[in-house]
Amino acid sequence: MKKFAPILAAIVLACSLATVATVTTGCNIFGPVEEGHSAVVVNAERTAKLSFYTVDGFLEWEHANRPFLSSDITKAADEVREKFPPAYKALRDSTKLYKFTRDPDDESKLTSSLKIVQGLLNIASGLLPPPERALAETKAAKATTIPTL
């Protein structure tokens, strides 16, 4: 276990930095929230795009390199592979519901779904090598629609 301590420390640090970056900038690769738009909806839709392409890129990269990766990375990928589809669906469903109702309870559900997806995004982003991460961010920024699973 001690030989994996530096790897685990690097993963925790990367995830922490990615969390701070996502929370403080609201996925700023898309720019600021325009006047008159709901920040929670805009951030949910931006996170949906970014998480879709980042998680997809991470899982493809992990699958192609699995024999060469540490068990910590493969376990993280397996966790993301299992948890992301239902979390992403919940985010999309709660976004659509809140856009329709604008009810505070639905906003709370949307915020909860958003946090779960952001956590999975942070794992994937923290472990994905920078060139692949940049490609995922470019795909998300260019996407004109929010992908479906």
Check: Exposure proxy check: Glu60, Glu35, Glu107 ranked by fewest other beta carbons within 10 Å?
Finding: Glu35, Glu60, Glu107
Next item on the list: Express in nm, to one decimal, how much length is gained between Arg81 and Thr138 on full extension, taking 0.36 nm for each residue of separation and deducting their alpha carbon distance.
Entry: 18.3 nm
Next item on the list: Could you line up Val80, Val40, Val55 from fewest to most neighbouring Cβ atoms inside 10 Å?
Entry: Val40, Val80, Val55
Margin query: For the pair Lys115/Ser38, report the inter-label distance in nm, with labels modelled 7 Å from Cα in the Cβ direction.
Written below: 1.8
Check: Quick one: if you stick a label point 7 Å off each Cα along the C-beta vector at Phe68 and Asp105, how many nm between them?
Finding: 5.2
Notebook entry, point to check: Hey, which of these cross-link pairs are over 19 Å Cα-Cα: Lys49/Lys139; Lys49/Lys115; Lys89/Lys115; Lys49/Lys96; Lys96/Lys139?
Noted result: Lys96/Lys139
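Every number in this text was worked out from the coordinates using simple rules, so none of it is lab data. Worth saying up front: this structure is predicted, and the values here are computed from it rather than measured. Cβ atoms come from the backbone with ideal geometry, glycine included; neighbour counts cover every protein chain shown.
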